[in-house]
1. In Å³ and rounded to a whole number, note down the convex hull volume per residue for the Cα atoms of region 1-122.
2. Mind checking which of 217, 915, 799 is farthest towards the positive end of the chain's charge dipole, using Cβ charges of +1 (Lys, Arg) and -1 (Asp, Glu) about the Cα centre?
3. Please enumerate, by chain and number, the aspartates and glutamates with C-alpha under 18 Å from the C-alpha of residue 206, excluding those fewer than 8 residues away in the same chain.
4. Computed on alpha carbon atoms, what radius of gyration and Dmax characterise the chain, expressed in Å?
5. Tabulate in residue order the Karplus-calculated ³J(HN,Hα) for region 424-440, using 6.51 cos²θ - 1.76 cosθ + 1.60 with θ = phi - 60°, rounded to whole Hz; enter x for Gly and Pro.
6. Counting only residues 5 or more places away or on other chains, whose amide H sits under 5 Å from the amide H of residue 97 once H atoms are built in the peptide plane?
7. Can you give the Rg and Dmax of region 806-895 based on its C-alpha atoms, in angstrom?
8. Nearest 20 debye, what's the magnitude of the dipole of region 335-432 about its Cα centre given +1 on Lys and Arg Cβ and -1 on Asp and Glu Cβ?
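Where a number appears in this text, it was derived from the coordinates with a stated rule and is not lab data. Just so it is clear, the model here is predicted, and its values are computed rather than measured. Quick reminder, even Gly has a Cβ in these numbers, built from the backbone with ideal geometry, and neighbours come from all protein chains shown.
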Amino acid sequence: MVVQPDMAYRRSLAVAELTGPGQLFEVAEEPVRGHVMPVFKNRTHTLRELLAASVEHGDTEYLVCDELRITFTDHFARVASLAEELRSAYSIGKGDRVAILSANNAQWIITFWAATSLGAIVVGMNSMWSAPEIDYGMRHSTPKLVVADAKRRELLGEVDVPVLSTEVDVPRLSTLHADAALSTCAINEDDPAVILYTSGTTGRPKGATHSHRNVITANDFHRFNDALATHFGSPPANRRFLLSNPLFHIASLHNLAVPRLSIGDTAVIYSGRFEIERVLRLIEREQVTNWGAVPTMANRLVSHGDLSRYDLSSLKTMSLGSAPSSTALKEKVRELLPVAGRSLGTTYGLTESSTGATLATAADLEEYPDSVGRPVVTMSVEIRDDNGHRLPDGYEGEICLRGPHVMVGYWNNDAATAAALDDEGWLRTGDLGFMSDGHLRVSSRRSDLILRGGENVYPVEVENVLSEHPSVQECAVIGIPHADYGEEVAAIVVVEEPGSVSEAELLGYVRERLAKYKVPSRWRLTTEPLPRNATGKVVRKQLDVDGEPAIVSENRHAWTSLLTALDERRRAAQEMGGPDKLLRYRRFGRVDARERVAKFLDEDTFQEIGVLAGDASIPSDAFVAGSGLVDGRPVLVGSEDFTVAGGSIGTAAATKRARIAELAKHERTPLVMMLEGAGHRATNALHPHRPAPNDLQAMAELAGLVPTVSIVCGPSAGHGALAAPMSDFVIMVKDHGAMFTAGPPLVEASLAEKVTKEDLGGSAVHAEMSGIADNVAADVDSALELTRKYLSYFPSNAWSRAPLADPDTSVAAPRSLDSLLDVVPPNPRIPYDMHDVLSVMVDEGTLFELQPQHGSSVITVLARMGGRVVAVVANQPLVLAGALDVAAAEKACRFIEMTGAFHIPLIFLADNPGVLAGSKSERDGILRASARMFAAQHRSTVPKMHVTVRKAFGFGGSVMGQNAFDNQTVSLSFPGGMLGGIPAAVGGSTSKADGRTQRALIENEAAGPWRLASSVTYDDVIDPRELRNALLGALRLSSGRDAEPVAPVVHTGYLP
C-alpha cells in the first residue's frame, strides 16, 4: 500500500496550492457571526448572485423532469417571472417565509430560486409528513405563502395564506412576465435563506436555518472539488446528475440543485416513488453521469442483480451519503458497477452542517474502509469529551464541527440552538467518533436516533404519539437492523391486560399521526414493564422487540422445504424468457410484460394470479395476470409476454385470460389488457382437447359494465388481437404496435400477398382508417399514462358514478370566455378550429380526445366541467365544414353509447351543414350510420346538453341532439345560428322558387334561433362568452340525478 499515501500527500499539496494567496479558492481568516474562521476569500455572497451568473450557461439543460426540459436561459426567465409575481401579487419580500410542500419536481427548484432572489426564506417541508406534522410545520414557520402539489394540498387542508399549485400555478406564473428583471433588494450573506426540518430529540421537528453563506459554502465545496479534479488532469465536463433524494434534504438542494446551477451541469430529476427499475431506465435514457445515492438505494441496486440489460455506460461517478453504509455494501456496488464504483466515496454530515463535513475519496476508502474522510476545506472537526475539552487522536468522544457551513441556528427555538451551538460557534453533533491519521471514524450515530433509509427517526417523537393511546401504559421505540433500509422502526408497548389492544389498531393510530417512514414496522405487545436503571431511565440496550428467544417448532421446520420450493418456482416464472431474450427485447426500447404491469399499477399493489400456471418450461404460460390499484382504485390487468413463446396463448394462459375477465365482471372492476402476442399457440393442437373458458365470451359480457382498455404494445394476431376491438378504449404504441386477424407470413402463404406488419395492421391503419384504435402513444410509458388518465374519467363500474374533482379550484370555477369572440367567426362559411372552443370551455388541462385521427369532422372528448366528468361531441368546421361522414357518425355513435353506459353527461356542439351527401357517401352507408348516431343520442339516459354554434341543417342537427324536446337538460344557440332542413339558398334554387320566396326562405333561416327561442324550442340564445357558465348551470340542474342509485343501462330494441 504505497500508492495511496503518496496520493494523499499529492492531494494535500494540491489543496495548499489551490487555496493559497492570489488563487481563485484562496482561504482567509474572517469573522463569521462573531467567530473568526477560515472562509473562501473570493466567494459569491448571495444566492441571487449565483442565479444571475447562471445565464452564462445559455442553452445547456439545467433541469430535466419527466417530459420537461429547462435550459439555464429558460430557467432564469422563469425564476425572474415567478419572483416578480410573488413580489407584486403576493407581497413576498425579505424575511418572509415561502413554504414548499411537494414531491420532487422542477417547480420546486424554480420556486426556491425565485423566493431566495427576493430575500425570502424557503421552508422546505417534508413531503412525507402526515397532516398533523404539516400543521405543526405551518404553525412553527408561519409562511406567508405555500407552494404545494395536489397530494399535499389535500393534507394541508384549509389555511389562511395563499396556496399555489406546482401543477398549474407555478408553471403559469413563471411564464407571465417575459422580460422580468431580478429584485435588487439588499441581502446580507448571513441572512436566512432556507429552513429544513430535522427530527427533534424532544419529539418535534426542528427547523435548521441556513444562511446564504451556508448554502454558498456548500456550493463552493463542490466547485473546489472540481478544481482539484482539473488540477489532476480530469476536468469535469458534460455532466448529468441524477437527483433522486428529496429536495427537502441538503443532499439534493444544497449539494445538487444549487451547485449544478452554479457550475453549469444538468440535474435529472427522478419523480415518483423510488423504483430501481425506473431509476436504471432513467439513467440509460438521460445518459446520467453522476449519482449520489443513499445506502437504501444502493441496497435496491445490489438486490436487483444483473444489470446487463441496461446501458449504464454513461454513469462514471457514484457516491453514498445521508446514512452509514457498510464496507460490504460498497464492495458489492463496485462489483456491480466497476466504472462508477471506482469513484465510490462517502461523506459525514448532517442537516445542520449544510454539506459534508468530511469527505472520503475512493482512494481513501481503499486504505481506510471504515473512514468517513478528512475534514473538507474551511471546516474544522474536533472530538470532545463531556466537558467540552478536545480529545487527542484515537480517543472516542462527541464529534463537533465549526465552519461557514454550519447553520445559523434552529428557527424559533432558542433553547435548541443554545444546546447545539456553543459560545465559540462549535456545533455539537451528538454523534460519537474518533480521529486517526487525519480521518474521522463514526462510532455511533446520535444515541437514540434511528436511520431508516436515509431518513432520521427520533424514538421520542413516535413514543409521544403512542403514549397518547388510552391502552398504552408505557412504550419504547428502537431501531433494529434491516437489510434494505439499514434500520427499521420497532416498538415495545406495555399494556395492562393481554388483548386490550391489537397491533393493527396501534399501527392505524400511528399512521394517522406520523409520516409513513416513522411508523413502526415491528411490534411487541407485553404486560412486562420496561427495563429501567436506578434513575428511572429506560435501559434501551436491554430492549428486545422479539422478547424471549422462541423455540423453533417441528411444524416450522416442516414448512421450510415447501416454502423454499415455492420461492424457486415463483422466481423461475418471474424470469420470463431469461436474461438473453430480455436483453435482446429491451435493446429496441421495448418494455417487457412484467415491467409494464409494475409501471402501470400503484407501487407494491400487484397481486398476481396464476404465476405458476402452465408448463414450467413456459414461465407463467406467457401471460402475466392479476390485480392492483391505479390511483388507489382496483383494476385487473393482463399482459402478454413476448419473450416466452412469442406471447402465444396456451391452455393455461387462456384460462387466466378468462379468469381475469370473469373477475372484472363479478368484482365490478376495470380490465386492462396489454397485447403483444402471436395468438393461439400452434402446439395446443398436440395436446388432448380440454374445454376451457373463453376470454372473449367473458369480455363480451363486460361491455357497459366496467371500463375495458387494450394497449397494443407490439404485434398482436388472431385470438389475442380480438381483445382490442372488444375493449372500450384502444391504444397502439407507435412503430411497435400492430394487430391483425392473421400476420404477414400467414397472409402471404394463403393469399400470396406480401405486406409489412405496419401496412397490414399498424397504428396508421387502425387509428386513421379502421378506427379500431382510439389513440396512438409514442412509447409504452406514454400508453400507460394515457390509460391511467382515461380511467380517471370513469367510475370503476356502471353501478357507480365518475369521480368528482374539486369544483372549488380556480381551474373548475365559472368564467367568461372572452376569447370565443376572436375564435369563432359569425360567418358560417369561414372555418375555425373547434379545439380552440373546447380548450377554454372545459376545466383547464382536462381535455382528453378519443380517435383524433379517425372521422375527424367530429371531435369526441372526455373532459371535466366544474370538476364533473363530461363527454363532448362537437363538429369540426376545419374538416368537411363539419359535415358528418360515415366514419364520423360511427365514431360518435360508439362514443355516445360507451360514455352513456357509465352515466357521463353528454354535450353537443353543433356546427355542420348536415350529413355528407354524394354517391360515395351513400355507397359507404351514410344513411344507416347517421340513423345509428341519431338513435344512440335519442335513447341516451344521461343529462344531455345541446348548443348550436353557427349552423345545423337537416339530419346534421338531429344527430347532434338539436331536435325539439329530445330529452335535453338544456338546448342553447349562439345568435346568428342558421337552421333548416337544407340551406335556404339551396332549397330555394332546387324548388325553383321565385325571388320573393327565396328571400323569405333566407330570412326565415337567419331568424332560426330567435324563432325557436320565442317558442322555447331553444331554452335560450346566449352570448358565446356565456357558454361555459350556461353549461355549468345545466350540470348543476342535472345534479339532482346524482342522488338516484345507478345501475347498468338496459335498452330495449337495437340500433339501426
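1. 203
2. 915
3. Answer for residue 206, where 18 Å is the Cα cut-off: 133, 135, 352, 414, 422, 431, 448, 455, 461, 463, listed by chain and number.
4. 33.6, 116
5. 9, x, 7, 8, 7, 7, x, 8, 9, x, 8, 9, 7, 6, x, 9, 8
6. Residues meeting the criterion, in which the H sits 1.01 Å from N, are 121, 144.
7. Calculated on Cα positions, Rg and Dmax stand at 13.9, 41 Å.
8. Here the size comes out at about 360 debye.
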